[in-house]
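Peer 1: Sharing a structure with you now.
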Amino acid sequence: MAEKKSLLNEITKGFVKENPTLVMLLGMCPTLAVTTQAKNGIGMGLATTFVLLGSNIVISALRKVIPDKVRIPAFIVIIASFVTFVGFILEGFVPDLYDSLGIYLTLITVNCIIFGRAEMFASKNGIAASACDAIGMGLGFTLALFLMGSVREILGAGQWMEMNIPVLHDNPMLLFIMPAGGFFTLGMIIAVVNKLSKKKPPEELGCHGCPNASACAQAGKGGCE
Amino acid sequence: MKELFVILLSAMLTDNFVLAKFMGICPFLGVSKKFNSATGMGIAVTFVMICATAVTYPIHHGILVPNELEYFDTVVFILVIALFVQLVETMLKKCIPALYSSLGVYLPLITTNCAVLGVTVLNIDSSFSFVQSIVNAVGAGLGFLIALVIFSGVRKKMEYADIPETFKGVPATLIAASIVSVSFMGFSGLFS
């Protein structure tokens, strides 16, 4: 029973308490880039979840086989293979989404969430726990992307999931779907999360999420200054 | 010649990698606190971008395309970049220790910088020639450097600002980035 409870905990922690984007501040690039529409946010989130699930399971299964010194290239190859795989699936079944995600689909390879989870969790835990962690983190990421996408689409285009929003549809605030609006929306959402959460999130992007923290000489000395 | 110039300037300004394409946001927010580290990171990224393009372009057109293995692009590119960064780090350490001490610390961080993988993949996607690819990489790297250096100035000023408690740290930084991004929007339409 205790086992089950802890697995459930691995899943739910990613939603709010350790939300990878809004609390741990990882994976900023796709969060900002593809969230001009709520739909793209969901698509990107689910694609990332899939890659995360696959890579976490494989890395966790191979964690005793991969020598410590070459683990970074090994992880990269595993992750990149899953990204290629997802790319094929999306291209075949949802070509629209494939086109709108564009290069950012390839860039899932270097998403710090995936690398961070491989390094921090999958290489130290069993397969079941790693899979649950991946699902939790992935859905948390999807949730954050959906939130970002909804805010930007409603304000910037006056639409939401192909529904027109009354007043805003005639006078959309175009800035919100432009790059500048992405930074602004994310800043605002993180501020709201800061306000709501009792525990104070990290003030700066520290080394905790950096995939190279173990290899980097600066780690633990106050970050990458 | 004119065409190359347009590629260079648009990669630097209108399609700035950080502020318009959202690539390399992590170092942009993480390493832009001080002017010196911002410059160091910017130069290191520019250097790696140029070299990575010079290495991946021949691999794509010389090995992958003739064997119809284009779909291995992602796997091969990221591996090449990772190995290359390692190589540069080792070489700098041995040959030019002075440069290593100023740039070396940023090199391991670059492997997983999406801007570097991004520029190599974009070069292939936009079917640039070799020279165009290199120019695009130079422009992208310089654009990254400019964005980081400008932003380090903005953040220096922000240290003295009286920011509401909720916005302290990352939210304020992101909103400042948004304003810098608006200023870069002024360049749009420059080459059309």
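Peer 1: Arrange A:117, B:155 by Cβ neighbour counts within 10 Å, fewest through most, would you?
Peer 2: On the way: A:117 27, B:155 19.
Result, fewest neighbours first: B:155, A:117.
Peer 1: Quick one: of A:17/A:39; B:2/B:156; A:69/B:21; A:195/B:33; A:13/B:157, which pairs are farther than 29 Å apart, Cα to Cα? Walk me through the numbers before you get to the answer.
Peer 2: Numbers: A:17/A:39 24 Å; B:2/B:156 37 Å; A:69/B:21 33 Å; A:195/B:33 24 Å; A:13/B:157 37 Å.
Listed pairs above 29 Å: B:2/B:156; A:69/B:21; A:13/B:157.
Peer 1: By count of other Cβ within 10 Å, fewest leading, how are A:141, A:176 ordered?
Peer 2: A:176, A:141
Peer 1: Here's a follow-up. For the range B:21-31, what does the Karplus curve 6.51 cos²θ - 1.76 cosθ + 1.60, with θ = phi - 60°, yield as ³J(HN,Hα) per residue in whole Hz, taken in order and with x for Gly and Pro?
Peer 2: 10, 6, 10, x, 5, 4, x, 4, 7, x, 10
Peer 1: Another one. To one decimal place, what Kirkwood hydrodynamic radius in Å is obtained for chain A from all pairs of distinct Cα atoms?
Peer 2: For chain A, the Kirkwood estimate is 18.3 Å.
Peer 1: With the contact rule set at Cα under 8 Å and sequence spacing of 6 or more, what percent relative contact order holds for chain B?
Peer 2: 43 percent.
Peer 1: Please work out the Cα center distance from the range B:127-182 to the range B:1-75, rounded to the nearest Å.
Peer 2: What the calculation gives is 15 Å, centre to centre.
Peer 1: Something else about it: Helix by helix, which DSSP H runs in chain B go 30 Å or more along their axis at the Cα atoms and have an average Kyte-Doolittle hydropathy of 0.0 or more?
Peer 2: Answer set is B:35-58, B:73-95, B:130-158.
Peer 1: Can you order the peptides B:32-39, B:114-121 by their average number of other Cβ atoms within 10 Å per residue, highest first?
Peer 2: B:114-121, B:32-39
Peer 1: Averaged across B:78-89, how many Cβ atoms of other chains sit within 10 Å of each residue's Cβ atom?
Peer 2: Taking the mean over all residues of the peptide, I get 2.
Peer 1: I've got another one for you. Scan around residue A:21 for amide H atoms under 5 Å from its own, H built in the peptide plane at 1.01 Å from N, and keep only partners 5 or more places away or cross-chain.
Peer 2: Close amide H contacts, sequence-distant or interchain: A:26.
Peer 1: If you take the C-alpha gyration tensor of the range B:42-160, multiply each eigenvalue by 5 and take the square root, what semi-axes do you get, largest first, in whole Å?
Peer 2: Working through the eigenvalues yields semi-axes of 28, 18, 12 Å.
Peer 1: Ratio of alpha-carbon Rg to the 2.2 N^0.38 Å globular estimate for the range A:22-111, to two decimals, please.
Peer 2: Relative to the rule-of-thumb radius for its length, the range A:22-111 sits at 1.15.
Peer 1: Give me the percent relative contact order of chain A, please, defined on Cα pairs under 8 angstrom at least 6 residues apart. Each step should come with its number before you reach the end.
Peer 2: On the way: 308 pairs, mean separation 71.5, N = 225.
Once normalised by length, the contact order is 32 percent.
Peer 1: Could I ask something else about it? Take each complete run of DSSP H in chain A, measure how far its Cα atoms stretch along the helix's own axis, and keep only those covering 18 Å or more with mean Kyte-Doolittle hydropathy at least 0.5; list them.
Peer 2: Once both thresholds are applied, what remains is A:38-61, A:71-93, A:127-157, A:179-196.
Peer 1: Given the options B:19, B:83, B:148, which has the most mean-square fluctuation in a GNM of chain B, springs set between C-alpha atoms less than 10 angstrom apart?
Peer 2: For chain B, modelled as a Gaussian network with Cα springs under 10 Å, the answer is B:83.
Peer 1: Under 10 Å, Cα contacts only: if you run a Gaussian network model on chain B, which one of B:95, B:51, B:26 comes out with the highest mean-square fluctuation?
Peer 2: B:95
Peer 1: For the protein assembly as shown, what are Rg and Dmax over the alpha carbons, in angstrom?
Peer 2: 20.6, 70
Peer 1: Comparing A:112, A:29, A:132, which has the greatest mean-square fluctuation in the GNM of chain A with Cα pairs linked when under 10 Å apart?
Peer 2: The residue that fluctuates most here is A:29.
Coordinate-derived values only; no laboratory data. Since the model is a prediction, treat every value here as computed from it, not as a measurement. Don't worry about glycine lacking a Cβ; one is built from the backbone with ideal geometry, like all the others, and counts go over all protein chains shown.
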